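Nothing in this text is a laboratory measurement; each read-out follows from the coordinates by a stated rule. None of the values given here were measured: they were computed from a predicted structure. Glycine gets a Cβ as well: all are built from the backbone with ideal geometry, and neighbour counts include every protein chain shown.
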Amino acid sequence: MKRLALASFGALVLALAPMSAISMTTADAPTVEGAVGGDPVDEGPAVEGPADEGPIEEGPVQEGPVQEGPADKDDGEGPVQEGSADDGSDDEGPVDEGPVEEGAQGPAADAGDVLQEVTPPELLEFVQAVLPPELDIPDGQYVVVLTLTIDENGAVTEVSAADPPRPELVAPAIEAAKKFRFKPATYQDKAVLVQVQYEYQFEVRQKIREVVRVFLTLERGTRDPISEVSGFIEETGATFTSIDGRMEISNLQPGRYTLYIPAGEFDEIRQEFKVGADDRAKPPESPIYLKRAYGAVSNQTIIRAPREARFAAKQSLSAGELVSFPGSAGDVLKVVENLPGIARSSFGVGQLVVYGSPPNDTKVFINQMPFVLLYHFAGLYSVINSDFIEAIDFVPAGFDASYGGAVGGIVNVKLKDEPLKAWHGSIDVNLLHAGIIVGGPYKKDSGDIQIAFRRSYYDAILKSINAFGDGRILTSAPAYYDYQVRLQHRFSGGHKLTFFINGSDDRGELINEENDVNPTFVGSVSGALWGHALQATWNWEPRAGLSNELKVQGLITQAGFDVFGQVKMKVRDHPVTIKETLTVQAHSKVVVRAGLNFDVDPYSFLLKGPQMGLDGENMTPYESSEVLELSGDGVMATISPWVSVEYKPVERLTLVPSIRADLNVGTWKAWSIDPRLSMTVDAIKDKLSFRAAGGLYSQPPQSFTLIEGYGNPDIDPENGTHALVGFQYNPIDRLTLDFNGFFKYFWNRAQVSDDATVRYDNGGIGRAWGFDVLLRMNPSERIPLTGWIAYTFVKSELYDFGLARWRPSDFQQNHNLNIAISYKLPRNWTIGGRFRLTSGYPYTKYESYQYDADNDTYVGVRAPGINAQELPLFHQLDIRVDKEWVFKAWRLGLYLEVQNVYFHKNPEGVIYNYDYSKMAYLTGLPILPVLGIKGSF
Amino acid sequence: MITRLAERTRTAVALTGAFAVVVAAGCMPDYNPSNFIEKYRVIGVMAEPPAVEFTPEYQGTVRLELVEAFPLPPTGDLVGPEIEGIEWSVCLISAGAAANFACTLPEIPVTDVSDSGRIATFDGALIALGLEFVRDQVEVLMDGIRQAVAFTDQCNKDLIVEYDDCLKDGDLETCNGNAFEGFRKCVFQNGLNPVFKVRVTVRDMLLDDSDLPVFDDDGKPVMRQRVLETFKTVTFGGLKEGQKPNRNPQFSVRLGAKPVDDLFDMMHPEGLVATTLGNHEQPEILACPGQEIVFQATVPPDSIDRVTGDDGVETDEYWVISWYANNGRFKKIRIGSVTAEGVDLDLTNTLKFKEEEPVRRTQVTLVMRDELFGLNFLRFFVEAQTRDKCPAPGTLDSLKKGDKP
């Protein structure tokens, strides 16, 4: 693109007032600048503006726009474009007179010849600015000077505003200007991109309204207040718009009327009503239930959050429609497993294998605080009711220093913090569990509370069908429950206090009366994992550009299992986490975030069992292993200061250098310092952006490796480095293409040591590299389809010192293709499907055996090359059908989900006969249907 | 801490749960049980005594006997297993099963063998000699201990720490000398558990996934050579005051499920099939196709030694009996002395023959092991009942529960 700056050029001026400079840029023509002036040409339409609350109240009035088309090149006066006029004679409500637009003046005397050949754009479609109802500015005329970039198609691609006298008017003016349509500028008969200045003029005056009737506009089924729905009185033509769920009908004489709300986001509706003589004094209120139209996009769609440079590779899922996502069994958190970068876990138990890293390398947070566990027993459901969840953020690599303790990725579950405006609740019953949730405001506009509880009952089902055979008695299992309570209160002065209490309990016990194979293994097999957490958050925003967040969490947890008393583990701890984060807009281009995390975790444990292996380790029969039994206690304590600076040297470039220190000062003593850097570049605004991130990451090794008496208390933190590059491209609205390429290198990995005196050391080295691609489609009114295609390629390797070469890690899944769609049909039917095709996990083949005559066990002898074999491809199709009946005040939903529709026996592991001479695949469940019903009010 | 340990535990619980569901859903392969002898196998090594006296002044001798199990004798063109060689060796410091019994010091061949190699005799004096042999290879010795030391072996762990500390001063000769003496002290203080290895080379038929012979194009069975490695630990050590050496357990097996709690086997030969307590002529046991024969093991109380746990509490040692047969199927593979709470010890086991297959001369072997490397075994045969005395198929109910046809 050539750019040429010239003196002045007046033909493109679209402003009323004299303008100081205009610039125009074309794709293959020169850029011109010039100074012009102009006068109003025509008065635009005056339309009704937003209503105020209260029966009789003075509100802001925005005069209708006085719109002037671009001036004619010859005479300097643009064509006149008139909007539809509404004199508002019988309506004394606010009036929006909109901007006054002027034609451009003729060219300046010193305009160059080239520019003389440029035909300026011509405004074809003017859009009225919508003023916020709470706008409170004095009467008068106001001007917002905008700079518009108009592309070759006449669309406004960029809008910016100069500093106006009333900043409140900038956003409405920009929003309106974005929707303008122009006849594009031309140069040598070819449409070109230009940039022009434009004055949007507002005239505000106060008027008196007399409200005679109030309609509460509520969504049918949810009773949620609906705003910005417009209707008109058929008898008078007066138009009214609902604000915060209230449509106030004003200035009507006593009599009978019909309110008509035309079809749009909601189905059309006619409501007859009567205005009495006394209604001005006390206007009656009544609800109108609006039914969401088929294809209308609700505010609960899947969206891609704006890129935050400090989480450059973040994938963000908003909860709403994911509830009916196929394969998730109605659980939003289960959808995480379908994101690119996350491998499918064996048996679907919900292990988060991110970019080939072991699950231990990825940390899960809830509102940025450590989480006890993500899923219930066997990974069937998450431990948080989906109704609490606003979004799930997943960062597979390259996150900034605000997060630590993970060399893999992070998952942060963001809870909803929007205040509840009405009481809602639901009861969900399916074949596995039943749950209830209820919540609402306890004090209007300042406090609300939400409570949920859920309990499984498939233990009863397993008992009734004697699922584990004769001689095996299920005593209390497997069963789970969970609960959540969220309370938030807003105080004056920008303070907000939020409490989130949650807990879950998974436990089970199976009595094995006899064991014909290994008589030692008789008695009880039990497992229990429970935790109760209280999380408090205090937010303070004393002024724009300065905010503080203090989070405190206390946990009581216990995790344990006991296998016939032969192998057992029981850990109880009471971690307290304090997280302080200060955010300062230090400069117009610099945001500084600094924080201090403090974790202190007193724990006690009991452990009995053989040495636990790590990646790729041989499985020694229990009987042939040295079994240790020990108990103890200690304190893990970590102090983690960090700082992250977001710097925008230029408009489209964001750099985030950050650094973090983790000082472990408890029973285990170690430290690490991790510098990191990430960046984003908006190559084409809202269309194409690039990103890059990298840095050092550290984490404690798995706890058992550092327990004195079992492992090596002198073991060091595990380290890793990330490097990630990627881009995001939005070719059309609601379609996103994402790409990430990554490389990770790990060192100081804990491994089983050749030195039996310490058992574990830091000698492990690993690496992971690959890429992922995500094509995601969000629903639109025309195509109510949600879906994505995600593909991930990963090589995850550890160095085999014995063979002096890299070998696959236990969690390498080379290929992972995930296709998921969900389509809304008329009459509240939704159908969806998910298809997965993934490589199998690697495994090591046993080629012979040794006989341990002391214990009558066979010890497998592995073939050369750890993890040299790979399980066959996994493929599975899941389908889901939802039907919802919407009543005025409540909804009834029925859903059927069938996982593994075509009964494919997917290998999930290998199993050998007694002497390793025969091998067969251990397959997953052939089919899993889940039928459920959910009633909501 | 919790996020790590809980994660590990949760993963274990989740995987166990998923595995249990898979088992319940019948997704497991249908392998033959391990106590069905479909091919030649070594199923034990009996050491007599299992605990050998070993002091600086006196070193005892141990006799090792191979316990084998054979498949049904071949018929027609089938070929039985042929033992091509049996070799014995001993490893003074073994890295154990987790390291596939890697020996951290050169293995010592055991050459005093008899009965075609099935019985070996080893003199503990050779261990003392072996120890002296490594006096000049202390670095190798210490490296071996470092790889193989049990996590609870504080004596040798302390020795390694002292050795490492000593090496920092650079006087290698002194360090080696001290380390060797320290090692000897640990050996004579806590004993040594050398691991004997027996390598049996056998030539037999290749079997398919259903354990049936594979034939070549000429209809002849395809043969293969297998090398079976078996490992057996023997305790060499001095006895502490008041401590009795571990003995190989004694037991018997009887026909039927009659309670024998107070029975002294040799005094009541009726129903006694076999015993380790003395010579006993096996009674004839006959079986028809489809028949179930109930056996019962008996364990004399005084044959069980007492062991002292880490907590100082003395208890009966744990024992387990493995049941093998080369025809029919035992209901239980093993029976052990541990029971679920509230469940009585049941020492009965049932051998069931398939209804659709003729009964052939069946070799039954019972191997009893105790907690401290003690082992003993019994062997007897079940013969086929003559066809005219077996009921017609479908009328076998009367033969169940151990009735004699």
* To do: Using a cut-off of 14 Å between beta-carbons, work out the net charge of the residues near A:Lys178 (Lys and Arg +1, Asp and Glu -1, A:Lys178 not included).
  => -3
* To do: Would you mind checking the pairs A:Lys421/A:Lys934; A:Lys414/A:Lys496; B:Lys185/B:Lys240 and listing those with alpha carbons more than 20 angstrom apart?
  => A:Lys421/A:Lys934
* Structure fact -> Taking a ≥ b ≥ c as the square roots of the Cα gyration tensor eigenvalues, with a/c under 1.5 meaning rounded and otherwise prolate when a/b beats b/c or oblate if not, chain B comes out prolate
* Structure fact -> For segment B:312-327, Karplus-derived ³J(HN,Hα) couplings (6.51, -1.76, 1.60; θ = phi - 60°; whole Hz; x for glycine and proline) come out as x, 8, 8, 9, 5, 6, 6, 9, 8, 10, 9, 10, 10, 8, 9, 8
* Enter the angle in degrees (range 0 to 90, nearest 10) between the Cα long axis of helix B:138-148 and the first principal axis of the Cα atoms of chain B, meaning the one along which they spread out most. => 40 degrees
* Asked: Of all DSSP beta bridges in chain B, what percent run antiparallel (nearest 5)?
  -> 95 percent
* **Using a Förster distance of 22 Å, the FRET efficiency for A:His532-A:Val438 (Cβ separation, nearest 0.05)** => 0.60
* Structure fact -> Going fewest to most other Cβ atoms within 10 Å around each Cβ, B:Thr362, B:Thr308 line up as B:Thr308, B:Thr362
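So what is the calculated 222 nm ellipticity per residue for chain B, using -39500 (n - 2.57) for each DSSP H run with n of 4 or more, over all residues, to the nearest 500 deg cm²/dmol?
It comes out at -6500 deg cm²/dmol, rounded to the nearest 500.
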* Structure fact -> Label model pair A:Glu158, B:Thr111: point-to-point distance (7 angstrom along the Cα→beta-carbon line) in nm is 9.2 nm
* Structure fact -> Row for segment A:415-936, column shape: gyration tensor on C-alpha, a ≥ b ≥ c, rounded if a/c < 1.5 i.e. under 1.5, prolate if a/b over b/c, else oblate; value rounded
* Would you mind calculating the gained length between A:Leu688 and A:Ala281 on full extension (0.36 nm times residue separation, minus the Cα-Cα distance), in nm to one decimal? => 140.9 nm
* **Chain lengthening between B:Gln282 and B:Ala125 when straightened (0.36 nm per residue, less Cα-Cα)** => 52.6 nm
* **Residue-by-residue Karplus 3J(HN,Hα) for segment A:841-856, coefficients 6.51, -1.76, 1.60, Hz, glycine and proline x** => 6, x, 8, 9, 7, 9, 10, 7, 8, 10, 9, 8, 5, 6, 10, 6
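Going highest first, how would you order A:432-445, A:706-719 by mean Cβ packing within 10 Å?
Highest to lowest by the protection proxy: A:706-719, A:432-445.
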* Cut-off under 5 Å, modelled amide H: who pairs with B:Val110 long-range -> B:Trp88, B:Ser89, B:Val90
* Asked: Taking neighbour counts of Cβ atoms within 10 Å as a proxy for exposure, in what order, fewest first, do A:Trp788, A:Trp829 appear?
  -> A:Trp829, A:Trp788
* Under the definition of partner shielding as Cβ atoms of other protein chains within 10 Å of a residue Cβ, what is the mean value for peptide A:510-518? -> 5
* Structure fact -> Quick calc, B:Phe70 & B:Val313: beta-carbon distance into FRET formula, R0 45 Å, rounding 0.05, result 0.60
* **Inter-probe distance in nm under a simple model that places probes 7 Å from Cα toward Cβ, at A:Val861 and A:Glu168** => 8.6 nm
* Structure fact -> As straight-line cross-link partners of A:Lys687, the qualifying lysines (C-alpha separation under 21 Å, not fewer than 8 residues apart within one chain) are A:Lys178, A:Lys179, A:Lys314, A:Lys648
* Three-way shape label, segment A:188-298, alpha-carbon gyration tensor, a/c 1.5 -> oblate
* Calculated FRET efficiency for the pair A:Glu708/B:Val343, C-beta based, R₀ 35 Å, to 0.05 -> 0.40
* Would you list A:Met636, A:Met777, A:Met619 from fewest to most Cβ contacts within 10 Å? -> A:Met619, A:Met777, A:Met636
* Using the structure shown, select from A:Lys824/A:Lys888; A:Lys918/B:Lys244; B:Lys232/B:Lys332; A:Lys570/B:Lys168 the pairs with a Cα to Cα distance greater than 32 angstrom. => A:Lys918/B:Lys244; A:Lys570/B:Lys168
* Starting from the Cα-Cα distance between B:Arg135 and B:Glu355, subtract it from 0.36 nm times their residue separation and give me the gain in nm to one decimal. => 72.8 nm
* Sticking with the crude label model, points 7 Å out along Cα→Cβ, report the distance from A:Asp754 to B:Leu167 in nm, one decimal please. => 1.2 nm
* Residue-wise HN-Hα coupling along segment B:60-69, computed from phi with Karplus coefficients 6.51, -1.76, 1.60 (Hz; x: Gly, Pro) -> x, 10, 10, 10, 10, 10, 6, 9, 10, 9
